[in-house]
1. Quick one: P(r) of segment 11-54 from all Cα-Cα pairs, 5 Å bins, percents rounded to integers, in order of increasing distance.
2. Check cross-link reach from Lys41 to the lysines: straight Cα distance under 27 Å, and skip same-chain residues fewer than eight apart.
3. Roughly how compact is the chain, stated as its Cα Rg over 2.2 N^0.38 Å to two decimals?
4. Ranked from highest to lowest mean number of other Cβ atoms within 10 Å per residue, what is the order of the peptides 219-228, 27-36?
5. Report the FRET efficiency, 1/(1 + (r/R0)^6), for Leu14 and Glu214, where r is their Cβ-Cβ distance and R0 is 45 Å, rounded to 0.05.
6. Accessible area per residue of the chain at 1.4 Å probe, in Å²?
7. First select every other residue whose beta carbon is under 14 angstrom from the beta carbon of Thr183; then total the charges, Lys and Arg +1, Asp and Glu -1.
8. Given R₀ = 41 Å, what would the calculated FRET efficiency be for His126 paired with Asp152, taking r from the Cβ atoms and rounding to 0.05?
Amino acid sequence: MQRMKCIISYDGTLFSGYQVQVDKRTIQSELEAVLEKMHKKAVKVVASGRTDAGVHALGQVIHFDTHLDIPADRWVQAMNAMLPKDIAVLSAEPVSENFHARYDAEGKTYKYEIQLSKIRNPLMRHHAFHYPYPIDVGRIKKAIGYALGTHDFSSFCAANTDVKDKVRTIHSIDCVQAGDLLTLTYTGNGFLYNMVRILTGTLIEIGSGKREPEEMAGIIAARDRSAAGKTAPPQGLYLKEVYYLNK
């Protein structure tokens, strides 16, 4: 058996998230259906992490085990020929049998896109959060400083999670505005359930003047979900890249 590592991209608009769910269309179920056709038996796919309904990926990482003797470049061609148009395999490579897409991940980068125009762009309705109100990017950048580093991010984690350890390290948060598109890019060693979306919702409230930048420190210290802002909607979120060391 050979373990294969693939980088995939998908438009999450018409999916009920990554993970297999009964009677629902998911990224994992589409991937496993294709691999089952190729192998004539069930093949389990493991991802670096789950994404919610409506969330996109530019660089999701998966692995699976195969007995098929197919060159790496042919895996890309073969899978893409059978996958639906809203999923694509970008690359495939053989890896050690000890490689694990989830447990070996050392960090991730997510980006969140916000459309700031007064009139919504219907072509972006599934790919950015439309926020037609004034935003002060300087306020957002000031608040970002409080979130960098290692903290208990309980305030930025959805309540319906069973994760006990909520300490994470955020290495960087970049805030860039190009025209009416505001992009927040987060890089860290890991992210809690809905963490990026809650951080984004809170930063939007700070940028719009509903909260002060200095409040970010107190929100983190509270370790209470109710202290943070609203959860930003899923369509603006993209899993951009997953990082591995010597894998």
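1. Reading the bins upward from 0: 5, 25, 29, 24, 13, 4, 0.
2. The qualifying lysines are Lys5, Lys24, Lys85.
3. 1.07
4. 27-36, 219-228
5. 0.65
6. Ligands and nucleic acids excluded, the figure is 50 Å² per residue.
7. Counting the neighbours of Thr183, the net charge comes to 0.
8. 0.75
The values are calculated or read from the model by the stated rules, or taken from the named source; none is laboratory data. Keep in mind the model is a prediction, meaning the values are calculated, not measured. Positions of Cβ are generated from backbone atoms using ideal geometry, with glycine treated the same way; all protein chains shown enter the neighbour counts. Heads up: the accessible areas ignore ligands, DNA and RNA and are worked out on the full protein's heavy atoms, side chains in. Shrake-Rupley method; radii C 1.70, N 1.55, O 1.52, S 1.80 Å.
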